[in-house]
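J.: Submitted below is the structure of interest, expressed as C-alpha cells.
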Amino acid sequence: MTDLAIQFNKNRVGVIPSTPLAIPTPLMPNQSIDVSPHLHTLDPVMKVQPLNNLQVAVKNNRDIFYFSCLILLNVLFVEDGKMKCQVFLATQKDIPNENELQFQIKESHLNADTVSSKLQNNNVYTIAKGMWKGRIFCTNP
C-alpha cells in the first residue's frame, strides 16, 4: 500500500493535519504501524453536531476510506489558552443555552482555589468565581 494521506472535513474546532502523514511505504500486507498525525487548528470552523464530531478521509493507492469519530476535547487545550473575561463572555454568547451544564460537586474536600489550580495545571482556566449583583464576577478582567 502506498500514497497514504489523511484529510478532515471542516469541523467545529477547526482542527486539521499540519503535516502530511509520515509513513514508510510501501506498507506490506498484514503489516501495521502506529502513526500520530500532527494537528493544529485553523479558522474557519463549521458548526456540527455533536460539537466534537470529526469526519475523516484516509486515502491510499487503492481506495478512500471515510469515517467519523469524536475528538477528545482535552487534546485541544493549549498552555496559552487563557482568555480575558470580556473576550470569554463575548465568545460564550454563540453557545446555545442547552449546551450549558452546571452541577455541584458534593462532599469535596477541596476549596475553589485548589480546584482552579488543578484545572490550570491541565490548561483549563477559571474565568469567574461567581455572580455579583446578577453579573459574572471576573477573576481576570
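J.: Helix-only estimate, please: 222 nm mean residue ellipticity of the chain, summing -39500 (n - 2.57) across DSSP H runs of length 4 or more and dividing by its residues, to the nearest 500.
T.: Theoretical 222 nm ellipticity from helices: -3500 deg cm²/dmol.
J.: On a C-alpha basis, how far is the centre of the range 32-63 from the centre of the range 71-93 in Å? Whole number, if you could?
T.: 21
J.: Subtracting the Cα-Cα distance from 0.36 nm times the residue separation, let me have the gained length for Lys47 to Val78 in nm, one decimal. Intermediate values should be presented prior to the final figure.
T.: Details: separation 31, 0.36 × 31 = 11.16 nm, distance 2.12 nm.
So the extension gain works out to 9.0 nm.
J.: May I ask for the equivalent-ellipsoid semi-axes of the chain, computed as the square root of five times each C-alpha gyration tensor eigenvalue and listed largest first in whole Å? Could you put the intermediate results ahead of the total?
T.: Values: eigenvalues 315, 61, 38 Å².
Ellipsoid semi-axes (Å, largest first): 40, 17, 14.
J.: What does the charge count near Met1 come to, summing +1 for each Lys or Arg and -1 for each Asp or Glu among other residues with Cβ under 13 Å from its Cβ?
T.: 0
J.: A follow-up question, please. Name the residue, out of Lys47, Lys93, Lys106, whose mean-square fluctuation peaks in a Gaussian network model built on the chain with Cα pairs under 10 Å.
T.: Result: Lys106 has the largest fluctuation of those listed.
J.: Number of Lys-Lys pairs in the chain under 18 Å by Cα, sequence gap 8 or more or different chains?
T.: 11
J.: Sequence gap at least 6, Cα distance under 8 Å: using those rules, report the relative contact order of the chain to the nearest whole percent.
T.: 20
J.: If each residue's Cβ is checked for other Cβ atoms within 10 Å, how do Cys69, Cys85 rank with the fewest at the top?
T.: Going from sparsest to densest Cβ surroundings: Cys69, Cys85.
J.: I would also like to ask the following. From the phi of every residue in the range 11-28, what ³J(HN,Hα) in whole Hz does the Karplus formula 6.51 cos²θ - 1.76 cosθ + 1.60 yield, where θ is phi - 60° and glycine or proline is x?
T.: Karplus values, whole Hz, x for Gly and Pro: 9, 5, 9, x, 7, 9, x, 8, 9, x, 4, 9, 10, x, 10, x, 8, 7.
J.: Once both labels are modelled 7 Å past Cα along the beta-carbon direction, what's the Val58-Lys129 spacing in nm?
T.: 4.8
J.: Under a 10 Å cutoff between Cα atoms, tell me which one of Ile33, Ile23, Ile64 has the largest fluctuation in the Gaussian network model of the chain.
T.: Looking only at Ile33, Ile23, Ile64, the biggest GNM fluctuation is shown by Ile33.
J.: With springs connecting C-alpha atoms under 10 Å apart, model the chain as a Gaussian network and identify which of Asn30, Asn123, Asn111 has the largest mean-square fluctuation.
T.: Judging by the Gaussian network model, the answer is Asn30.
J.: What FRET efficiency, computed as 1/(1 + (r/R0)^6) with R0 = 35 Å and r the Cβ-Cβ distance, is obtained for Phe65 and Asn99, rounded to the nearest 0.05? Can you show the working numbers first?
T.: Details: r = 31 Å, r/R0 = 0.88.
Approximately 0.70, to the nearest 0.05.
No lab work stands behind these numbers, since they all come straight from the coordinates. For clarity, every value in this text was computed on a predicted model and none was experimentally measured. All Cβ positions, glycine included, derive from the backbone under ideal geometry; neighbour counts span all protein chains shown.
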